[in-house]
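Each remark here refers to the structure printed beneath this line.
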Amino acid sequence: MAEVADVLASYVGREVEVQHGPDTVNAAMIRHWCEAMGDENPTYLDQSLAAASVHGGIVAPPTMLQAWVMRNTSKDVGRQDNPFGHLLDYLDSIGFTSVVGTNSEQTYERYLRPGDRVMMRTTIDDVSPEKTTGLGTGHFVTTLQSYFDADDELVGTMRFRIFKFRPTPKVAAPAPAAAIPAAAIPAGTEHAVTPRVKRPRPATTEDGDFFFAGAKAKQLLVQGCDDCGSLQHPPHAACRRCQSFNLVPKEMSGRGEIYSFVVTHYPQVPSFDYPLAVALVQLDEGPRVVANIVDADPATLVIGQRLEVTFIEHDDELTLPAFRVVSV
Ligand SMILES: [Zn+2]
């Protein structure tokens, strides 16, 4: 084991590649990006309004960072011949053959403007010790992309994390109980229960942490604006109505009705019960939240049905609001 750890540690800090942006930052790519994202911020799109803003002209959306250096991926054939590719080859060779992207974090040092030329340097930032998740056992591999302008000044960074793992072998579905005569079950195995796979963790940000902390305290919290009084969900960095940052969690009554719902039968993920009812719940206070409906036969659900909140403790760390039908 120590040997594996040494090999993995030897990759940390190594440079993977240097990528030069094929085009300078330009208004046309910014406009296409904004159209694709549905972003109508005039700072990115309107020359005259942007000129009158604190930016003094059009700037690029910070989240476009990666777009400025993107290479022609249709020319990528097979694994990269660089330290990152070699690290993945090594993890494959010791059994961690599956891969999933887990998350990325970006930081921005300054806005990019038309005419800026961007260069990206990628290094291997971290390889975790062996970890076991709901997917299997493996290692998290984090690369650090650092973005520089033509003066070699840092303009932003991105950390991109993948999980290279050995997949958990699929467990055959248990046969229906009636099909197994009691005498056929070897003594001592009646109570052999496989521990349940944990429910996937919700993706959280600083803006939304209060929602999950509230659920743990058995409170249904929604973001409220202290300036215009509006309520909004899902959480956002600013008020969607008045752009205020004065947002505070407000406790809801927990009462509402089914605005819409789906019942999932397949594919079945081990941490959930099926058929699984997922509803868009119209809260009496106005906002809508997505949650499971529990304690009800999904076949009997109808739009408009009255609901009340309940809290399900899925495990030691995760409590989520769910709803149950109330008779009126
Ligand atoms: Zn507001």
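Only residues that are in a strand (DSSP E or B), at negative phi and either modelled with pLDDT of 95 or more or not hydroxyl-bearing (S, T, Y) (or both): list them for the range 117-137, please.
Kept after step one, since they are in a strand (DSSP E or B), are these residues of the range 117-137: 119-127, 131-132, 136-137.
With at negative phi added as a condition, the list becomes 119-127, 131-132, 137.
Those that are in a strand (DSSP E or B), at negative phi and either modelled with pLDDT of 95 or more or not hydroxyl-bearing (S, T, Y) (or both): M119, M120, R121, T122, T123, I124, D125, D126, V127, K131.
Take the residues of the range 40-61 that are in a helix (DSSP H, G or I) and closer than 20 Å to E109 by Cα: which is farthest from the chain's Cα centre (by Cα)?
A50
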Kindly indicate the residue of the range 196-235 that is of a type in the set (V, I, T) and surrounded by fewer than 16 Cβ atoms within 10 Å (Cβ to Cβ) and also nearest to the ligand (Cβ to nearest atom) among those meeting that condition. T205
Condition first: hydroxyl-bearing (S, T, Y) and more than 23 Å from D316 (Cβ to Cβ). Can you find one or more residues in the range 226-247 that meet it? yes
Yes or no: the range 81-97 includes at least one residue that is in contact (Cβ under 8 Å) with a residue 40 or more places away in the chain and either in a strand (DSSP E or B) or under 22 Å from the mean Cα position of the chain (by Cα) (or both). no
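Can you work out which of the residues in the range 62-73 that are within 17 Å of H20 (Cα to Cα) and free of Cβ contacts under 8 Å to residues at least 60 places away in the same chain is nearest to the chain's Cα centre (by Cα)?
M64
Which of the residues that make up the range 138-171 are outside any strand (DSSP E or B) and either buried (at least 17 other Cβ atoms within 10 Å of the Cβ) or of a type in the set (S, T, N, Q) (or both)?
D149, T168
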Could you list, in sequence order, the residues of the range 73-108 that are of a type in the set (D, E) and surrounded by 14 or more Cβ atoms within 10 Å (Cβ to Cβ)? D92
Tell me which residues, restricted to the range 13-37, are closer than 15 Å to N72 by Cα and either in contact with a Cys (Cβ under 8 Å, 6 or more places away or on another chain) or without any contact (Cβ under 8 Å) to a residue 60 or more places away in the chain (or both). P22, D23
Take the range 262-296 and flag every residue that is among the hydroxyl-bearing types (S, T, Y) and surrounded by 14 or more Cβ atoms within 10 Å (Cβ to Cβ). T264
Against the definition (more than 16 Å from the ligand (Cβ to nearest atom), β-branched (V, I, T) and at pLDDT below 95), how does T310 come out, yes or no? no
What number of residues in the range 236-270 are more than 16 Å from the ligand (Cβ to nearest atom), at pLDDT 95 or above and either of a type outside the set (A, V, I, L, M, F, W, C) or not in a strand (DSSP E or B) (or both)? 9
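What are the residues in the range 315-328 that are of a type outside the set (S, T, Y) and surrounded by 15 or more Cβ atoms within 10 Å (Cβ to Cβ), if any?
If the condition is that a residue be of a type outside the set (S, T, Y) and surrounded by 15 or more Cβ atoms within 10 Å (Cβ to Cβ), then L318, L320, P321, A322, F323, V325 are the ones that fit.
The values are calculated or read from the model by the stated rules, or taken from the named source; none is laboratory data. All values reported here derive from a predicted model rather than from experimental measurement. Note that we place each Cβ from the backbone using ideal geometry, even for glycine, and neighbour counts take in every protein chain shown.
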